[in-house]
Amino acid sequence: MKSANDKATKAESQNNKNGKGKVKPFLVFLICWLVILAGLIAWFLLRFNDFAANYEAQYQASLPFHTAEDVTKHFNDHDIDYIWNNMASKPEVTGFEDEEVVKDYITSLVADKTFICSEAESSTDSDPEFYVKTSDGLIVAKISLAEDKSKTLPYGFTAWKEGRLEFYTAAVYEVNVSAPESYRVFVNGKELNKTFLTEDVKESELNQYVTPYATIPGIANYQVTGLYKKPEVTAKDYKGNDCECVYDEKTDSYKVGFIKDFDEAEKEELSKYAIKFASTFANFISQDAGDYALDKYFPSGSKQLAYIKRNSSRELYTNHGKVEIKNGAIKDITVYSDDVVYMEVYVEQYMQMYFGSKEPEIIPTDAHVYFVKIKGNWYVGGIQY
């Protein structure tokens, strides 16, 4: 007869056999929930990554630097028309140049160069500013950006556009010219007037040789600044003829001198007259001409003639024999006006001395004479010693 314990053990074993292989509903739910949750997390992460990547891309695209780079590209393309048309203010041009000269100047700065842009020190988030620089760091322009309200960007990012383009130009050329006040000076074909004088015209010191019979023009000094290109400087003499304008590289200035030539017939006449005067003057000093031999060459009442006659060296001149004038020549001419001409006149006296060699002694005379025309006739206004 089986005991009660044996019956209980048998019943438990039977129950275990009946429950084997069955899954509890909660476990199934838990597993399903975890699978769904993992799927949701994976989907969320993918979506978040897409959002983050798109956000970053939109953010980078909205940075003002890219707009500044687009402007800089025109510099690298050497697009002068774009630069000129978009400059906030055009460079000031003097009346001696035009806009084409400035555009050529800009072209010279841009040609054959590579440019980069970099943020300016003055740049802020609300007012971004950038420099356009050459590859070696020279700043040639500044770009100021403005908000482009006509565009709407994702995530509320700000769209930017070019607001102001400043191209740094420098008018580095200037002109300094000295010329007789009676002459006309031109820069790039335009005549300079008194407003370009650097100072008042001073009376010529040479007037001491022609006063009171005539006047030698003073020297006018002109200056023109604010030029973008080395200018062409020309001049016309008092008669309206083109004359030489010499550039001095050391002083970076131009000089217009008095002309050295005039009407051939009148020059020949005056040259002969000048040689006759120099010959007479030499003979007068050596006492080989009479006391009044020079009078016809000077205006009435000439102080210069009176000075020559008072010259005591004439009285001390060595006694000698025959004198002959040779080799008369005009060594230099300066024409100050129709009424004033300077000549350097050279003559030689072949003088037979009473002692020494039988060959005549040669005495040169180099006279610096200012001739003045009075009532159509030439006279000696003065002699520069």
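The values are calculated or read from the model by the stated rules, or taken from the named source; none is laboratory data. Predicted model only: the values in this text are computed from it and were never measured. A quick note on method: Cβ atoms are made from the backbone with ideal geometry, for glycine too, and the neighbour counts reach across all protein chains shown. Accessible surface areas use protein heavy atoms only, side chains included; no ligands, DNA or RNA. Shrake-Rupley method; radii C 1.70, N 1.55, O 1.52, S 1.80 Å.
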Rg and Dmax of the range 147-262, Cα atoms, in Å? 25.0, 92
Which of Asn221, Asn188, Asn319 fluctuates most in a GNM of the chain (C-alpha springs under 10 Å)? That residue is Asn319
At 37 °C in a medium of viscosity 0.692 mPa s, the chain has a Stokes-Einstein diffusion coefficient, with Rh taken as the Kirkwood radius over alpha carbon pairs, in µm² per second, of 106
Would you please classify the overall shape of the range 269-341 from the alpha carbon gyration tensor, given that a ≥ b ≥ c denote the square roots of the eigenvalues, rounded means a/c under 1.5, and beyond that prolate means a/b larger than b/c while oblate covers the rest? oblate
Applying the gyration tensor rule to the Cα atoms of the range 199-268 (axes a ≥ b ≥ c; rounded if a/c under 1.5, else prolate if a/b exceeds b/c, else oblate), the class is oblate
Please give the solvent-accessible surface of Tyr173 in Å², to the nearest 10, using a probe radius of 1.4 Å with every protein chain present. 90
For the chain, return all DSSP H helices satisfying: extent of Cα atoms along own axis at least 15 Å; mean Kyte-Doolittle hydropathy at least 0.5. 25-62
Need one value: the accessible area of Thr334 in square angstrom, 1.4 angstrom probe, rounded to the nearest 10. 10
Quick one: of Lys90/Lys151; Lys239/Lys276; Lys272/Lys309; Lys90/Lys149; Lys272/Lys296; Lys90/Lys229, which pairs are farther than 21 Å apart, Cα to Cα? Lys90/Lys151; Lys239/Lys276; Lys272/Lys309; Lys90/Lys149
Compute, for His368, the solvent-accessible surface of its heavy atoms (probe 1.4 Å) with the complete set of protein chains present, and express it in square angstrom to the nearest 10. 50
If you take the charge dipole of the chain about its Cα centre, with +1 on Lys and Arg Cβ and -1 on Asp and Glu Cβ, which of Gln287, Asn193, Ser357 is farthest toward its positive end? Asn193
Provide the per residue accessible area, probe 1.4 Å, for the chain, rounded to a whole number of square angstrom. 63
The range 258-299: radius of gyration over Cα atoms, expressed as a fraction of 2.2 N^0.38 Å: 1.41
Looking only at Gly218, Gly356, Gly189, which one moves most when the chain is put into a Gaussian network model with springs between Cα atoms under 10 Å? Gly356
Can you classify the range 110-172 as rounded, prolate or oblate using the Cα gyration tensor, where a ≥ b ≥ c are the square roots of its eigenvalues, rounded means a/c under 1.5, and otherwise it's prolate if a/b beats b/c and oblate if not? prolate
The range 226-385 - convex hull of the alpha-carbon atoms, volume per residue in Å³: 177
Cβ-based net charge around Thr67, under 9 Å, with every Lys or Arg adding one and every Asp or Glu removing one: -3
Share antiparallel - DSSP beta bridges, the chain, percent rounded to 5: 95
Packing-ranked peptide list from 340-347, 326-333, 65-72, highest mean Cβ count within 10 angstrom first, is 340-347, 65-72, 326-333
